[in-house]
Amino acid sequence: MSAYDTICIMAAIAILISIINHRIGKFQPTIAITGWSIAISFILLILSKLGYIPLNDEHELIQMVQGVKFDDFLLKGVLGFLLFGGALNIQLPHLKDQKFEISFLALVGTVFSTFFIGTVLWVLFKICTIDIDFIYCCLFGSLISPTDPIAVLAIVKKLNAPQRISTQIEGESLFNDGVGLVIFVTLFEIAFSKTAPTVSSTALLFIREALGGIAFGAVLGVVFHFLIKTSHDNMFRLILTILIPTFGYVVSEHIEVSAPLAMVVAGIIIGNWTRNTISKEASHQISHLWELADEILNAILFLLIGFMMITFSFHFIDILAVVIAIPLVLLSRYLTIKYSYKVFSRHRRYNPLSIKILTWGGLRGGLALAMAMAIPTGIPIGFSPDIDVKEIIVLMTYAVVIFSIIVQGSTITPMIYQAKAEQEKMDQTAADSVSTTEPSTSDTDNR
């Protein structure tokens, strides 16, 4: 079965689950799709263990899932579409209002989280006599630290959170995704390069990927802005928007700059500048096209995430690593947000639930899993040649991703509703304080 056949079947299954969830369920579509696919995978694994189904590498379902090559499908396929489509809806005035917070979380927060997770994981592994080099622990930290924009935008944005919280979550997820990928590539070069990297070469790699991606995204956005603006055919405008995450993404990779950051920057330019220069009808058509693409690609992606469970081999050491990874990633996220807000709160007031929501709403998704699957095989851990580093990192990543989508994604709604109520109280208090400080008409007349 070809990859195209597999994707078509996956799309049909995902749409069927979405229809059932729409009729009888109350979950977000991405949560429902992931949950159903995990449940099916779990049942198949149990039946396989009991001997009812020969679930091995020759089984058609496993071959179908493995045939997609998840890391290529996401990193070299749909990621550009999802990032560009998500960035189209970012409002530049809101982004400017939160530029310091988003920049700090995306850069400082991601770097801190990467090395905090890497260091603590390495220490805990040493205590548990799991012999894994420090660089591989930091590699896991780099791929799991960024909040995944695909998961975040698919779940959190639909709950209509308070504006500043929503902007921080969406903006951070879009930008720290690119930053995290750059850190991952840098650490990947250090871990697997045949030549010993220097500090200067590592710094240049980081700068080229990050700043180069932002600069190329700006150029890409401006060029296509004028092409779309000067076009008088709405269909041609739609085609031009499709060229950005296809042609633009491929060029970004070939000139070795961060393609994700380029897509985010280009999407913000098209979404904020270009849309204001074309008719409302053309703008609505662009919105509808990318909403449709977002729904379909997300459905396939999250279904694949769930079905990937049947392709894994589990050992006791993997279970131990998973038990360590989930609370460690949550702790890292909490500390990152808590101490970032100690800096932020010096300048303005925030919703009292901001830390709680940004911690619990820091979802991980397919991007982290794709990066984990890009790690080479054949690097055994110290005491067991049958278990390699990639297996442990992939299973830790998978566990964190599933926990964040299913548990965090399905329980964040009450927090956001509570935050809305708190925001209304804050707005009312601010309005009351303004009205009491303004002189009344009678006072003015008496003066």
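The values are calculated or read from the model by the stated rules, or taken from the named source; none is laboratory data. Quantities reported herein were computed from a predicted structural model and do not represent experimental measurements. Methodologically, a virtual Cβ is constructed for each residue, glycine included, from the backbone with ideal geometry; neighbour enumeration extends over all protein chains shown. Calculation scope for accessible area: heavy atoms of the full protein, side chains included, ligands and nucleic acids excluded. Shrake-Rupley method; radii C 1.70, N 1.55, O 1.52, S 1.80 Å.
Would you mind stating whether Ile244 is in a helix (DSSP H, G or I) and open to solvent by 10 Å² or more (accessible area, probe 1.4 Å)?
So Ile244 does not fit the description; no.
Could you list, in sequence order, the residues of the stretch 212-252 that are modelled with pLDDT under 90 and farther than 23 Å from His284 by Cβ?
Once the filter is applied, which keeps residues that are modelled with pLDDT under 90 and farther than 23 Å from His284 by Cβ, the stretch 212-252 yields nothing.
Out of Ser18, Ser37, Ser41, I need the residue that is over 23 Å from the mean Cα position of the chain (by Cα), buried (at least 18 other Cβ atoms within 10 Å of the Cβ) and touching a residue at least 24 places away in the same chain (Cβ under 8 Å). Which one?
Matching residue, one of Ser18, Ser37, Ser41: Ser41.
So Glu295 ticks every box in (1) farther than 21 Å from Gly365 by Cα; (2) open to solvent by 70 Å² or more (accessible area, probe 1.4 Å) but one. Which box is left unticked?
(1)
Specify the residue that is least open to solvent (accessible area, probe 1.4 Å); the eligible residues are those in the stretch 85-108 that are over 29 Å from Ile242 (Cβ atoms) and aliphatic (A, V, I, L, M).
Leu105
Take Val219 and decide whether it is without any contact (Cβ under 8 Å) to a residue 40 or more places away in the chain and open to solvent by 50 Å² or more (accessible area, probe 1.4 Å).
yes
Could you list all residues from the stretch 313-363 that are of a type in the set (S, T, N, Q) and surrounded by 18 or more Cβ atoms within 10 Å (Cβ to Cβ)?
Ser332, Thr336, Ser340, Asn351, Ser354, Thr359
With Ile405, Ile387 as the choices, which residue is open to solvent by less than 60 Å² (accessible area, probe 1.4 Å) and in a strand (DSSP E or B)?
Ile387
Open to solvent by less than 20 Å² (accessible area, probe 1.4 Å), small (Gly, Ala, Ser) and in contact with a helix residue (DSSP H, G or I) (Cβ under 6 Å, 6 or more places away or on another chain) - does that describe any residue in the stretch 269-277?
no
Are there any pairs, at least 6 apart or on different chains, whose C-beta atoms fall under 8 Å, with the first in the stretch 417-437 and farther than 17 Å from Ile357 by Cα and modelled with pLDDT under 70 and the second assigned to a helix (DSSP H, G or I) and not acidic (Asp, Glu), and if so, which?
Taking only residues 6 or more apart or on different chains, not a single pair turns up.
If I ask for residues that are aliphatic (A, V, I, L, M) and either touching an Asp or Glu at 6+ places or on another chain (Cβ under 7 Å) or crowded, with 16+ Cβ neighbours inside 10 Å (or both), which ones from the stretch 109-134 would you list?
Correct list: Val111, Ile117, Val120, Leu121, Leu124, Ile130, Ile132.
Phe206: in a helix (DSSP H, G or I), open to solvent by 40 Å² or more (accessible area, probe 1.4 Å) and aromatic (Phe, Trp, Tyr), yes or no?
It is true that Phe206 is in a helix (DSSP H, G or I), open to solvent by 40 Å² or more (accessible area, probe 1.4 Å) and aromatic (Phe, Trp, Tyr).
Among the candidates Ser258, Ser283, Ser287, Ser200, which residue alone is open to solvent by less than 60 Å² (accessible area, probe 1.4 Å) and free of Cβ contacts under 8 Å to residues at least 24 places away in the same chain?
Checking each option against the conditions leaves just Ser283.
From the list Leu139, Leu95, exactly one residue is under 30 Å from Leu304 (Cα atoms) and either aliphatic (A, V, I, L, M) or touching a strand residue (DSSP E or B) at 6+ places or on another chain (Cβ under 7 Å) (or both). Which is it?
That would be Leu139, the only listed residue that is under 30 Å from Leu304 (Cα atoms) and either aliphatic (A, V, I, L, M) or touching a strand residue (DSSP E or B) at 6+ places or on another chain (Cβ under 7 Å) (or both).
Could you run through the stretch 408-421 and say how many residues are aliphatic (A, V, I, L, M), open to solvent by less than 40 Å² (accessible area, probe 1.4 Å) and part of a helix (DSSP H, G or I)?
The number of residues fulfilling the criteria is 3.
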